[in-house]
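The values are calculated or read from the model by the stated rules, or taken from the named source; none is laboratory data. Predicted, not measured: the structure shown is a model, and the values here were computed from it. No Cβ is skipped: glycine too gets one built from the backbone with ideal geometry, and neighbour counts run over all protein chains shown. Note: areas computed on protein heavy atoms with side chains; ligands, DNA, RNA excluded. Shrake-Rupley method; radii C 1.70, N 1.55, O 1.52, S 1.80 Å.
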Amino acid sequence: MAPGVDALKHIVVLMMENRSFDHMLGGLKAQNQQIDGLDGTESNPDSTGTLFRVQDQADFQGQLDPDPDHHFAAVDLQIFNGSVANPRVPNMQGFINSYFQQRRDTKHSQKIMYFFKPDNLPVLTTLATEFAVFNRWFASIPGPTICNRAFAHYGTSFGRVTMNPFYVHTLYKSVYQRLAAANRRAKIYYYDVPSSTMEVVNLLQDQPQFFGTYQQFKDDCKKGILPDYSFIEPNYTDHEVNGKQELATDQHPDHNMQAGERFIASIYNAIHENADLWKSTALLIVYDEHGGIFDHVPPLPCLQDGFVAQPSDTGTNAPFLFDRLGVRVPAILISPWVPRGQVVSPLQPDGTIDNLRVFEHASIPATVTNFFVPGFDSKQRSPREQQADTFLDLLSLGQMRDVDLEFDLPD
Amino acid sequence: MKIPVPKPPPNAYNPNRPISDLIKSQLEHVLETENRLPHAHRSGQSVDSIKTEAEASDYIARVTARLRLPRTVIAPRPPKNAFNKRRHMSDLIRNQVLHFREVEMTWPEAEQTGINAAAIKSEHQASAYIARITARLHEMGGAPSSGGPNKSGPSASDPDTAPSPNPDTLSSWPRAGDKPSRKKPRKKG
């Protein structure tokens, strides 16, 4: 086993909201051609039929209102742009078309093609270039938040492609239940009580002991009592607590992006500032789904999940066999055992990728369970989780490197 | 035995000497390293413009000094007007409210809040409702806790952890019987 994996004691996952890879990190391709971002020629037809190219005009707030549709049917339109060919081939040409449906405003709908200048997201882009950035981490389902987040906890959404609540399912246990049964410690840190948990209300109802708050996460880092596995939920709403304004930090449109940047930075700082914790922790930052925002990489077919979503749920007049991934999202693995500037599945000069590795949210319970509960019965995992790639091999350095990067969060 | 080593002649020093292929390759290497620094820490100099050994050493010295600095990246504060507690909740938050409402509906009627969840409109109202249900769940099963071995943390009534929603918002909570919002719900999640 690599020394970094030998030293590993904690895995922390921070899952943010609703931004595509190209929207957040696509601008990095200009600095590093191995990153499969944007070269400026990518385009979508707008409502007049004119091809509109991607632009680095994304702003922190105010552009993506209304919230771009990313229910299953809308994402299907974004990926296939209404193609009825058999078989259909994803072309990523329907993003403007989909957003246009919401306001019937051509100019406004073009904003779905905007991406951030790297300097405007200093936290995320610095982490992406300092540690390991994934060229192929996809949402698990071409659909909305709840079912995608379910894959991070259960390795499946139990056949859901919608925002409907799902409840305790005996078929597959959550990763927290698995670890607890193996006498390991696992925790979901939600931001605070008014923000609470988004996707695992069922766990909160039945097993509230699995939950902590963001403040407790920071305290646990300081005290060195972080559990084996931590999953962090951002603040989902603007709200006040004891007269203090709490800004949403989830980066869900149309929440403020800088608040999310500072939240990510604070998680990194909390781990980095404790030297013992820093050398024994792997932090994964990942987004749950693309939120209806453009990405140029077609989602790949995948192993069926053993479930079928009915046409009444997909909204496309067709069932979904869970045989295609969702749109690509940003994902970064942070550890002093990760080589600096690593690109997972780097783009070659000819535009191809050798030894392609594909990740999705089922990679999270797969990795965590393999590491903390070795020998876990594969029959207790979904087919997707059984097949999912894991990421701890990326802690590949023979010796831990010095990382002097820190984030300053001015008041 | 001491072997005399002659001193180089004064004219051997030539900072204007054109850079060799070796120095060019060193510059490329340094540039690659510099490009991994945050933008604020980069020199901004074009390596293509470097022609002499003096220029090359000056550039290399500046980048090396930057590499030795602790790299502090500033995460700017959002503007004050970013906070908007009256923002209409997205479909995502609406669904979160519905999840919590389903939980509440499993309680005996006397323990239910009586809040008409269907009439909640703003993020602030949603978070106040979610706080009530979450706090109650923690009262029943264990407060949010630190990373100890699945132990209970401080009580939900602990001022450090318990929510204290704005009283103005509390009084504006929709009650059962209130009419739901007439605004068409936004469809996105």
Name every residue in the range A:184-193 that is within 26 Å of A:Pro374 (Cα to Cα), in a loop (DSSP other than H, G, I, E, B) and more than 8 Å from chain B (Cβ to nearest Cβ), in order of residue number. A:Arg184
Here is a list: A:Gly224, A:Gly212. Which entry is surrounded by 24 or more Cβ atoms within 10 Å (Cβ to Cβ), of a type outside the set (A, V, I, L, M), more than 19 Å from the chain's Cα centre (by Cα) and farther than 22 Å from B:Lys121 by Cβ? A:Gly212
Could you grab me the full set of residues in the range A:164-183 that are part of a loop (DSSP other than H, G, I, E, B), more than 27 Å from A:His71 (Cα to Cα) and not small (Gly, Ala, Ser)? A:Asn183
How many residues does the range A:125-150 contain that are open to solvent by less than 10 Å² (accessible area, probe 1.4 Å) and closer than 22 Å to A:Asp393 by Cα? 12
Might you let me know whether the range A:12-20 holds any residue that is open to solvent by 30 Å² or more (accessible area, probe 1.4 Å) and touching a Lys or Arg at 6+ places or on another chain (Cβ under 9 Å)? no
Could you pull out the residue among A:Asp393, A:Asp404, A:Asp389 that is acidic (Asp, Glu), away from every other protein chain (no Cβ under 14 Å) and open to solvent by less than 60 Å² (accessible area, probe 1.4 Å)? A:Asp389
Pull up the range A:41-73, narrow it to residues that are among the hydrophobic types (A, V, I, L, M, F, W, C) and away from chain B (no Cβ under 14 Å), then point me to the one that is farthest from B:Asp91 (Cα to Cα). A:Leu51
Which listed residue is in contact (Cβ under 8 Å) with a residue 60 or more places away in the chain and hydrophobic (A, V, I, L, M, F, W, C), from B:Leu22, B:Leu92: B:Leu92
When you go through A:Gln110, A:Gln101, A:Gln93, A:Gln78 one by one, which is the residue that is within 14 Å of chain B (Cβ to nearest Cβ) and either out of contact with any Leu (no Cβ under 9 Å at 6 or more places or on another chain) or among the basic types (Lys, Arg) (or both)? A:Gln78
Looking only at residues that are farther than 18 Å from A:Asp393 by Cβ and not in a helix (DSSP H, G or I) in the range A:264-281, which one is most open to solvent (accessible area, probe 1.4 Å)? A:Glu273
When the range A:164-200 is examined, which residues are found to be open to solvent by 10 Å² or more (accessible area, probe 1.4 Å), within 20 Å of A:Asp250 (Cα to Cα) and either without any contact (Cβ under 8 Å) to a residue 12 or more places away in the chain or among the acidic types (Asp, Glu) (or both)? A:Asp192
From A:Leu284, A:Leu300, grab the single residue that is surrounded by fewer than 21 Cβ atoms within 10 Å (Cβ to Cβ) and touching a strand residue (DSSP E or B) at 6+ places or on another chain (Cβ under 9 Å). A:Leu300
May I ask you to verify whether A:Ala259 is of a type in the set (Gly, Ala, Ser), touching a Lys or Arg at 6+ places or on another chain (Cβ under 6 Å) and either under 30 Å from A:Thr237 (Cα atoms) or in a strand (DSSP E or B) (or both)? no
Quick one: would you say A:Gln399 is under 25 Å from A:Ile188 (Cα atoms) and surrounded by fewer than 18 Cβ atoms within 10 Å (Cβ to Cβ)? no
Name every residue in the range A:206-240 that is more than 7 Å from every other protein chain (Cβ to nearest Cβ), among the acidic types (Asp, Glu) and within 17 Å of A:Val12 (Cβ to Cβ), in order of residue number. A:Asp228, A:Glu233
Any idea which residue in the range B:87-123 is nearest to A:Gln245 (Cα to Cα), counting only those that are open to solvent by 10 Å² or more (accessible area, probe 1.4 Å) and among the charged types (D, E, K, R)? B:Arg87
Would you check if A:Val161 is surrounded by 23 or more Cβ atoms within 10 Å (Cβ to Cβ), outside any helix (DSSP H, G or I) and touching a residue at least 12 places away in the same chain (Cβ under 8 Å)? yes
Which of the residues belonging to the range A:94-124 are open to solvent by 10 Å² or more (accessible area, probe 1.4 Å) and under 22 Å from the mean Cα position of the chain (by Cα)? A:Lys111, A:Tyr114, A:Phe115, A:Lys117, A:Pro118, A:Asp119, A:Asn120, A:Pro122
B:Arg17 being more than 14 Å from chain A (Cβ to nearest Cβ) and more than 30 Å from A:Glu199 (Cα to Cα): yes
Matching residues in the range B:70-119 (at the interface with chain A (Cβ under 7 Å from one of its Cβ atoms) and assigned to a loop (DSSP other than H, G, I, E, B)) number 11
Lone unmet requirement of (1) closer than 21 Å to A:Ser363 by Cα; (2) not in a helix (DSSP H, G or I) for A:Ser196: (1)
Name, by its number, the condition in (1) open to solvent by less than 10 Å² (accessible area, probe 1.4 Å); (2) within 14 Å of another protein chain (Cβ to nearest Cβ); (3) part of a strand (DSSP E or B) that does not hold for A:Gln245. (1)
Could you tell me whether the range A:339-349 includes any residue that is open to solvent by 40 Å² or more (accessible area, probe 1.4 Å) and under 26 Å from A:Tyr154 (Cβ atoms)? no
Just to be sure I understand, how many residues within the range B:13-24 are in a helix (DSSP H, G or I) and open to solvent by 50 Å² or more (accessible area, probe 1.4 Å)? 3
Go through the range B:25-54 residue by residue and tally those that are more than 14 Å from every other protein chain (Cβ to nearest Cβ) and either in a loop (DSSP other than H, G, I, E, B) or in contact (Cβ under 8 Å) with a residue 24 or more places away in the chain (or both). 11
